1. Considering the alpha-carbon set of the stretch 113-194 alone, what are its Rg and its Dmax in angstrom?
2. Which whole-number percent is the relative contact order of the chain (Cα, under 8 Å, 6+ apart)?
3. Rounded to whole Hz and in sequence order, give me ³J(HN,Hα) for the stretch 13-27 from the Karplus expression 6.51 cos²θ - 1.76 cosθ + 1.60, θ = phi - 60°, writing x for Gly and Pro.
4. What does the charge count near Lys42 come to, summing +1 for each Lys or Arg and -1 for each Asp or Glu among other residues with Cβ under 14 Å from its Cβ?
5. Which value at 222 nm does the chain reach when only helices count, each DSSP H run of 4 or more adding -39,500 (n - 2.57), with the total divided by all residues and rounded to the nearest 500 deg cm²/dmol?
6. What whole-number value in cubic angstrom gives the convex hull volume per residue for the C-alpha atoms of the stretch 50-131?
7. Enter the per residue convex hull volume of the chain, computed from alpha-carbon coordinates, in Å³ rounded to the nearest integer.
8. With labels modelled as points extended 7 Å from the Cα through the Cβ direction, what inter-label distance (nm, one decimal) is found for Ala204 paired with Glu177?
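What follows draws every value from the coordinates through simple rules; no lab data is involved. All values derive from a computational prediction rather than experimental measurement. All Cβ positions, even for glycine, are placed from backbone atoms using ideal geometry, and neighbour counts span all protein chains on display.
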Amino acid sequence: MGKLTGKTAVITGGGSGIGREIALLFAREGASIGLVDVAGDKAAGVAGAAALQPGAKAASAVADVSDEGAVKAAFAAGAAEIGETDILVNCAGIDATCLLHEMSVEAWDRMIAVHMRGTFLCTREVLPAMKRKRWGRIINFSSQLAHKGAPTMVHYCAAKAGIMGFTRALAYEVGAEGITVNCINPGPIDTPLLRAIPQDWLDAKLGELPIKRFGKPEEVAPAALLLACDDGAYFLGASMNMNGGDYMI
């Protein structure tokens with residue numbers, strides 16, 4: 001028996017990076033897995049790998065998490081195929097660098113939409129079933145930059161700080177109903193998103209880290225497992241920081 005046997009977990013942004021590692025770890029622990037990602041081929045590949053676990057079920061859907069209609073359709077299809085969501089991991093995200101005075105409204109709105117509206121829309125879809133069953137796990141992804149800040153990433157830092165506030169407020173709302181809501185705040189992790197950032201930014205960040213290396217996605221996934229399983233039942237509104245010492249709190 002795995003730690004998540006009998007549970008259904010949906011991971012947004014699960015086609016690559018941290019989301020992928022969480023999906024595969026959860027599958028090894030017995031969960032049925034749903035993947036929601038804008039990259040359908042990558043999500044399907046992860047679902048296929050997850051389904052190789054004994055007795056596992058997996059499904060994938062293509063959706064932009066900031067699109068209400070697409071989110072509703074993806075979660076409805078997932079529920080029909082693998083069951084209602086017990087565990088939601090809001091991992092979908094984007095990043096970019098730009099000085100604020102040069103930033104377009106479109107760039108600002110896109111960052112806020114993917115991170116904050118996406119977290120809201122996906123969470124809203126799963127809450128009714130969790131409330132009915134009086135059990136659920138919601139794991140949101142913020143960033144250590146919500147605490148620390150970073151030049152040229154004002155929109156990203158603002159969006160991630162908003163997710164942290166969302167997490168705490170919702171934890172108050174639903175904690176008495178057997179639903180935990182928590183937040184993971186990684187530092188710089190070696191993912192496709194990080195590699196897309198300009199090299200000069202990456203070089204500067206690497207120099208700031210006491211551990212002198214970027215993290216690995218598989219180093220983040222165990223924190224999500226703790227928050228998803230019964231071992232983490234007393235975490236509520238918490239922020240878990242694994243950041244190589246980039247911000248010590």
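1. Expressed in Å, the Cα Rg and Dmax of the stretch 113-194 come to 13.8, 44.
2. Rounded, it is 19 percent for the chain.
3. Per residue, the Karplus-derived 3J(HN,Hα) values read x, x, x, 7, x, 4, x, 4, 5, 5, 4, 5, 5, 4, 5 Hz.
4. So the environment of Lys42 carries a net charge of -2.
5. Taking each H run of at least 4 residues, the total per residue is -14000 deg cm²/dmol.
6. It is 108 Å³ per residue.
7. Hull volume over Cα atoms, normalised by residue count, gives 116 Å³.
8. Placing both labels 7 Å along Cα→Cβ, they lie 4.4 nm apart.
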